[in-house]
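> The following block contains the structure, expressed as C-alpha cells.
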Amino acid sequence: MKNFWRFIFRKKLPTTALCQMEFAVLGLGDSSYTKFNFVAKKLHRRLLQLGGSALLPVCLGDDQHELGPDAAVDPWLRDLWDRVLGLLPPPPDLAEIPPGVPLPSKFTLLFLQEAPSTGSEGQRVAHPGSQEPPSESKPFLAPMISNQRVTGPSHFQDVRLIEFDISGSGISFAAGDVVLIQPSNSAAHVQQFCQVLGLDPDQLFTLQPREPDVSCPMRLPQPCSMRHLVSHYLDIASVPRRSFFELLACLSLHELEREKLLEFSSAQGQEELFEYCNRPRRTIVEVLCDFPHTAAAIPPDYLLDLIPAIRPRAFSIASSMLAHPSRLQILVAVVQFQTRLKEPRRGLCSSWLASLDPGQGPVRVPLWVRPGSLAFPETPDTPVIMVGPGTGVAPFRAAIQERVAQGQTRNFLFFGCRWRDQDFYWEAEWQELETRDCLTLVPAFSREQEQKVYVQHRLRELGSLVWELLDRQGAYFYLAGNAKSMPADVSEALMSIFQENGGLCSPDAAAYLARLQRTQRFQSETWA
C-alpha cells in the first residue's frame, strides 16, 4: 500500500495516465477520528486528477453509524453492481449464484480417528534466544510475574498493573511503543459453544484448504483439537456481523430459524438486527444458543468461514527498559458493563488477563511488540507536556521513566482520575520524582468537589505556563486516553490558551495548533 501510495502521488504522472480506467472507491472509516476516511477521499480525488472515470461517487462507510458501515455500503454496492453488470454483462451460460446458496467453505476439516503418534499440539511461538524478534505469527510466551489491582476495592472499575518477564525474548522497545497480546476464550464459553454445536472438544483434525493458493492459518497447529480451535482461534465472544447471519441462514435447515436469519441479513432487517445484536452486544455464542437447531446442523467445515479469528489487542507499554530491564508492564482497565441482557458484557482480553493468577502456578501470555504512534524528543533540554487521564497515563509513565534515566527532567504531567484514594495510578512514584525535581505533576480529581474538574480545566488554569513552554521553549505536547470527548476538550483548551495567553485571534490559534500537529510537536494516541 505504501509503495502504491507513493507511486500514485508522483508529481510527474501525466493527467491522462488513467484515462482508460473506470474505478470506484469504497472507504471504511470512523467519524470519531478527525481525518475521517481521509485515504478514500484523497485516493478518489487523485484517480480523477489522473484521468480516471468514477463509476460512482466515493462511498464513506462510518463505524460510528448505528448500523455501522453497512448503512452507506449497502445502497452503494447495489448501484456498483448495476453499473458493472451494465458495462460487463456476464456470458449467457454463467448463471448468478442464487440467494441462499452458500459458497464452498475455504477449508475442509479431516477428522482423525486416533491421536497421531508423533508431534504435539501447540502454538507456533518464538523461543528464548531466537534470532528473529517475536511477531503475530510467532509470539513470545511471556511469563506473567504479577497481576495487581491498582484501583481501590470500592472503585467501580477494576484496573490491573500486569508485569511480564521478557528475558531472552529478543524484544526491545522504547517509550510510546505498544505490546500486542493474543487472548483466549473462557473455558465456560468454549464448553457452551461445543455443547450447542454438538462438537467433541477432544476431537483432532487437520485442516485442508480447498484452493491451491490458500494457506492454513499460521496460529493453528496441525493436527489441531476442536478445543484448541475454539479456545485460541475462533472469536466466539465477539458481536457477530451481518455476514455471519447471511451464512448462517444459508446453512440453516430449520424453517422458522432460517426465516428469522434471512430477515436479519436483509437490508430491510438491519434496524431489527441492531436491536437484537449490536445494541445489547449479544455475542456469537449467545446467538447460536438462540438458534439451537441451526447451530446443531452447522457443518464443521464452515466454522472458519462463519466465525472470525480472535484479533490481538494492543496496549501501551507502561514501563521503560532503562528502569525495568527484561520486564514489560501494562495498565489494563477490565472492561465490564451491563446491557439489557442478564449476563454482564465483558472485554475478551482484559477479562482473560484479569483471570490469570501467577500466584497459583506458572502463567504464560503470547505477546509481541510494535512501534507506537508516539515519539519523544531526544534533545535533553526539550520540555515535554503530557496529558493522560485514566489509563491514558500508561505510555507517559514509560516516557517519564526513560527520560529521567537519560537525565531529561523537564517533564510536565497532567493526570486525571475520579478520586485521589481510588484511581490515582502510581501516586507514590510521581511524588518521589517530584521531590527529585524530575517531574511537575498537575492532577485533576473530577469527583472530589461539587464541580467536576478535568485535565482540560487544569490546562486552562496553567495557561501561561503551557504557552511559555510551547511558544518560548519549544515543548512537545502529548495526549493519550479515551477518544470520546476528551481530545476535543483538550484541543479547545489549547485554542483558548493560544488566544488568552498568546494573544492570537481564533484563525491564528487554529493555524498554530495545526502547525504543532504538522511538525509532530502535538501527538495523540486515543482509543474508543
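The values are calculated or read from the model by the stated rules, or taken from the named source; none is laboratory data. Just so it is clear, the structure is predicted and the values come from calculations on it, not from any experiment. Neighbour counts run over all protein chains shown; Cβ positions are idealised from the backbone, glycine included. Areas reflect the complete protein model, heavy atoms only, side chains present, ligands, DNA and RNA absent. Shrake-Rupley method; radii C 1.70, N 1.55, O 1.52, S 1.80 Å.
> Going through segment 313-387, which chymotrypsin sites (Phe, Trp or Tyr not before Pro) have at most 13 other Cβ atoms within 10 Å and a DSSP loop state?
none
> Using amide H atoms built in the peptide plane, which far-off residues or other-chain residues are under 5 Å from Leu112 H to H?
Those lying under 5 Å, H to H, from Leu112 are Leu204, Phe205, Thr206.
> With N residues in segment 402-517, what two-decimal value do you get for its Cα radius of gyration over 2.2 N^0.38 Å?
Cα-based Rg divided by the globular estimate yields 1.13.
> For the chain, what relative contact order do you get, as a whole percent, if you take Cα pairs closer than 8 Å and at least 6 residues apart?
14
> OK, next. Charges on Cβ only, +1 for Lys and Arg, -1 for Asp and Glu, centred on the Cα centroid of the chain; of Pro366, Gly176, Tyr302, which one is farthest towards the dipole's positive end?
The listed residue farthest towards the positive side: Gly176.
> A further question on this structure: About the Cα centre of segment 451-524, what is the dipole size in debye to 20, counting +1 per Lys and Arg Cβ and -1 per Asp and Glu Cβ, all else neutral?
Approximately 240 debye in magnitude.
> Quick one: dipole size for segment 312-361, taken about the Cα centre, charges +1 on Lys/Arg Cβ and -1 on Asp/Glu Cβ, in debye to the nearest 20.
240
> Rg and Dmax in Å for segment 317-375, alpha carbons only: what are they?
15.3, 47
> So what is Rg over Rh here for segment 239-379, counting just Cα atoms and using Kirkwood for Rh?
With Rg and the Kirkwood Rh in hand, the quotient comes to 1.10.
> Kyte-Doolittle mean at least -0.5 and Cα extent at least 20 Å along the axis: which DSSP H helices of the chain qualify?
Helix filter hits for the chain: 70-87, 486-500.
> Please report, to two decimal places, log10 I(q)/I(0) for segment 154-232 at q = 0.19, 0.21, 0.27, 0.28 Å⁻¹ as given by the Debye formula with identical point scatterers on the Cα atoms and no solvent.
Calculated log10 I(q)/I(0) at the listed q: -1.00, -1.04, -1.27, -1.31.
> A further question follows. Given the DSSP H assignment, sum -39500 (n - 2.57) over each helix run of at least 4 residues in the chain and divide by its residue total; what's the result at 222 nm in deg cm²/dmol, nearest 500?
Estimated from H runs of four or more residues: -9000 deg cm²/dmol.
> In nm, give the distance between the simple-model label positions of Phe38 and Ala296, each being 7 Å from the Cα along the Cα-to-Cβ direction.
The modelled label-to-label distance comes out at 5.3 nm.
> How big is the Kirkwood radius of segment 238-291, worked out from every pair of different alpha carbons and given in Å to one decimal?
Radius from the Kirkwood sum: 10.9 Å.
> For segment 332-443, list log₁₀ I(q)/I(0) at each q in 0.19 Å⁻¹, using the Debye formula over Cα point scatterers of equal strength and ignoring solvent, two decimals each.
Debye intensities relative to I(0), on a log10 scale: -1.09.
> Additional query: Answer with one residue from Pro139, Ala488, Thr391: the one whose Cα lies farthest towards the positive end of the charge dipole of the chain, charges on Cβ with Lys, Arg +1 and Asp, Glu -1.
Highest projection toward the positive end goes to Ala488.
> When the label point is put 7 Å from the Cα of Asp489 along its Cα-to-beta-carbon vector, which residues of segment 368-396 have a backbone N closer than 15 Å?
Once the point is set 7 Å along Cα→Cβ of Asp489, 387-393 turn out to lie under 15 Å by backbone N, inside segment 368-396.
> Just the accessible area per residue of segment 352-445, please: how many Å² with a 1.4 Å probe?
Per residue, segment 352-445 has 42 Å² of solvent-accessible surface.
> Rounded, prolate or oblate, given the Cα gyration tensor of segment 23-65, with a/c below 1.5 counting as rounded?
oblate
> Taking a probe of 1.4 Å, how large is the accessible area per residue of segment 146-246, in Å²?
Normalised by residue count, the accessible surface of segment 146-246 is 43 Å².
> Let me ask something else about it. Work from the charge dipole of the chain (Cβ charges, +1 for Lys and Arg, -1 for Asp and Glu, about the Cα centre) and give the residue of Gln523, Ser243, Leu94 farthest towards its positive end.
Among Gln523, Ser243, Leu94, the one farthest towards the positive end of the dipole of the chain is Gln523.
> Moving on. What's the center-to-center distance, using Cα atoms, between segment 284-306 and segment 333-411 in Å?
Between the Cα centres of segment 284-306 and segment 333-411 lies a distance of 36 Å.
> Report ³J(HN,Hα) in whole Hz for each residue of segment 169-177, in order, from the Karplus equation J = 6.51 cos²θ - 1.76 cosθ + 1.60 where θ = phi - 60°; Gly and Pro get x.
Calculated HN-Hα couplings, in order: 7, x, 7, 9, 8, 10, 4, x, 6 Hz.
> Calculated from the structure, semi-axes √(5λ) of the Cα gyration tensor in Å equals which of (1) 41, 26, 22; (2) 43, 33, 24; (3) 37, 27, 25?
Checking each listed value against the structure points to (2).
> So, in nm, how far is label Asp79 from label Ser446 when the simple model puts each one 7 Å beyond its Cα toward the Cβ?
Placing both labels 7 Å beyond Cα along the Cβ direction yields 4.0 nm.
> Given charges of +1 on the Cβ of Lys and Arg and -1 on the Cβ of Asp and Glu, with all other atoms neutral, how large is the dipole of the chain about its Cα centre, in debye to the nearest 20?
Using only the charged Cβ atoms, the result is roughly 1380 debye.
> Take each of the peptides 215-228, 369-382, average the number of other beta-carbon atoms within 10 Å over its residues, and list them starting from the highest.
Descending packing order for the listed peptides: 215-228, 369-382.
> Further question on the same structure: Using a 1.4 angstrom probe with every protein chain in place, what is the largest-first accessible-area order of Cys289, Cys59?
Correct descending sequence by accessible area is Cys289, Cys59.
> Here's another thing I want to ask about it. Over the chain, what percent of the accessible surface lies on carbon and sulfur atoms, probe 1.4 Å?
Carbon and sulfur together cover 52 percent of it.
> Past 18 Å, Cα to Cα, is the threshold; run Lys12/Lys41; Lys35/Lys484; Lys106/Lys138 against it and keep the listed order.
Beyond 18 Å between Cα atoms: Lys12/Lys41; Lys106/Lys138.
> Let me ask you something else. In nm, to one decimal, how far is the Glu461 label point from the Ser496 one, both placed 7 Å along Cα→Cβ?
Result for the modelled spin labels: 1.3 nm.
> Based on the mean of other beta carbon atoms within 10 Å per residue, what is the order of 324-332, 388-396, 421-429, most packed first?
Put in order of decreasing packing, that is 388-396, 324-332, 421-429.
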